[in-house]
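The values are calculated or read from the model by the stated rules, or taken from the named source; none is laboratory data. None of the values given here were measured: they were computed from a predicted structure. Quick reminder, even Gly has a Cβ in these numbers, built from the backbone with ideal geometry, and neighbours come from all protein chains shown. Heavy atoms of the whole protein, side chains included, go into the accessibility calculation; ligands, DNA and RNA do not. Shrake-Rupley method; radii C 1.70, N 1.55, O 1.52, S 1.80 Å.
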Amino acid sequence: MTSASVMFTVIGDIARDVNVQVAGVLPHDLVMAGDTPARIHTGLGGSATATAAWLAFRGSSVRLIGARGDDEAGAAAEGDLRVLGVDPRLQVVPGATTGTVVVLVDSTGERSMLPDPGANAALSASWCQAEIAGQHLHVSAYPWFREATRHTIECAIESARGRGMTVSIDLNSHSLVHEYVTPLVGLLDLVDVVFANTDEWRALSDQWSPPTDCFVVVKRGAAGAQWSTGDQSGSSPALPVTLVDSTGTGDAFAAGFLSTWVTGGSGADAVAAGNELAAVCATRVGPAPEHRA
């Protein structure tokens, strides 16, 4: 089975990124720092959006489920997704604005994010369940952390399991994992693959023991990634690159991993593929590829 023969469904937030490349190291208190020179770029944003775009970049068939406002930003996001080879299945929320994320990136490539969910908070369970299709469902945890859409994500995962699909989730935020760790562990028992960065895994690992058939991947940035499933484990080094922008590198990693793992690749090969795609993302501004490969 090849990547092109597998259909992925991805669920998560739809957003426009306002990417601010700050000259020098980002001041601790930006408000009090005076004028700070910057370069500003706008484009597609959202963890799920980026993963879907990188899956398409790898040649996979992928649909993206989410919600957008009935505004120009939402229409632009939908158009951009089609150009990238993604099939957008977006619920249009009347009167709502499309989500926006302000991303502050300093000269080291590290970033801080300021998200406004907008229409994403209105994504309905019925919309998701009607649009899920394919062999694998990938979920961004951001909508689950949001009380208004937690039930939506739980219903989507339950629906995918009922259709015989495999399921993965990216935890996305160590502060939210720490805040919601108790209910989160019950959700994670229902998925096949969990993606976490080092801080997210640290917030979770004392509270959750993965089922033996669950594949856990811990992304460690420039240190590569560690993985474990059952009694097997390993690590894979990151590719040496000059970091331009870390935004979206974890999402690209998930796409590289899934496009290999779902098609029967070994865990080691899947993690290596994730590192390769993350390296591509790290060398450009923004979380998504510029075009489909």
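Some observations on this one:
- Only one of the numbered conditions (1) open to solvent by less than 40 Å² (accessible area, probe 1.4 Å); (2) modelled with pLDDT of 95 or more; (3) within 17 Å of the chain's Cα centre (by Cα) is violated by C214, and that is (3).
- Taking the range 261-289 as the range and being out of contact with any Gly (no Cβ under 8 Å at 6 or more places or on another chain) and polar (S, T, N, Q) as the test, the residues that pass are T263, S266, T283.
- Only residues that are open to solvent by 10 Å² or more (accessible area, probe 1.4 Å), touching a Lys or Arg at 6+ places or on another chain (Cβ under 7 Å) and part of a loop (DSSP other than H, G, I, E, B) were counted in the range 235-259, giving 2.
- Residue list for the range 127-144, restricted to those being more than 14 Å from the chain's Cα centre (by Cα) and either of a type in the set (S, T, N, Q) or surrounded by fewer than 24 Cβ atoms within 10 Å (Cβ to Cβ) (or both): W127, Q129, A130, E131, I132, A133, G134, Q135
- Some residue of the range 179-191 being modelled with pLDDT of 95 or more, surrounded by 18 or more Cβ atoms within 10 Å (Cβ to Cβ) and out of contact with any strand residue (DSSP E or B) (no Cβ under 8 Å at 6 or more places or on another chain): yes
- Residue that is modelled with the lowest pLDDT [pool: residues in the range 24-63 that are part of a helix (DSSP H, G or I), open to solvent by less than 70 Å² (accessible area, probe 1.4 Å) and β-branched (V, I, T)]: T49
- Any hit, the range 92-108, residues being under 28 Å from L204 (Cβ atoms), open to solvent by less than 50 Å² (accessible area, probe 1.4 Å) and at pLDDT 95 or above: no
- Candidate set from the range 260-293 (those that are touching a strand residue (DSSP E or B) at 6+ places or on another chain (Cβ under 8 Å) and closer than 19 Å to G85 by Cβ); member that is surrounded by the most Cβ atoms within 10 Å (Cβ to Cβ): P287
- Selection status of A77, in contact with a strand residue (DSSP E or B) (Cβ under 8 Å, 6 or more places away or on another chain), modelled with pLDDT under 95, surrounded by fewer than 22 Cβ atoms within 10 Å (Cβ to Cβ) and aliphatic (A, V, I, L, M): no
- Looking across the range 160-177 at every residue that is surrounded by fewer than 17 Cβ atoms within 10 Å (Cβ to Cβ) and at pLDDT 95 or above, the one that is nearest to C214 (Cα to Cα) is identified as R161.
- Selection count where residues are over 30 Å from A23 (Cβ atoms) and open to solvent by 50 Å² or more (accessible area, probe 1.4 Å), scope the range 80-91: 4
- The listed residue being touching a residue at least 12 places away in the same chain (Cβ under 8 Å), part of a helix (DSSP H, G or I) and over 16 Å from the mean Cα position of the chain (by Cα), out of A279, A268: A268
- Residue in the range 245-262 that is of a type in the set (V, I, T), more than 16 Å from the chain's Cα centre (by Cα) and at pLDDT below 95 present: no
- For first residues located in the range 208-220 and in contact (Cβ under 8 Å) with a residue 24 or more places away in the chain and within 16 Å of V167 (Cβ to Cβ), partners that are in a strand (DSSP E or B) and open to solvent by 10 Å² or more (accessible area, probe 1.4 Å) and lie 6+ apart or on another chain with Cβ distances below 8 Å form the pairs C214/T229; F215/W227; F215/S228; F215/T229; V217/Q226; V217/W227.
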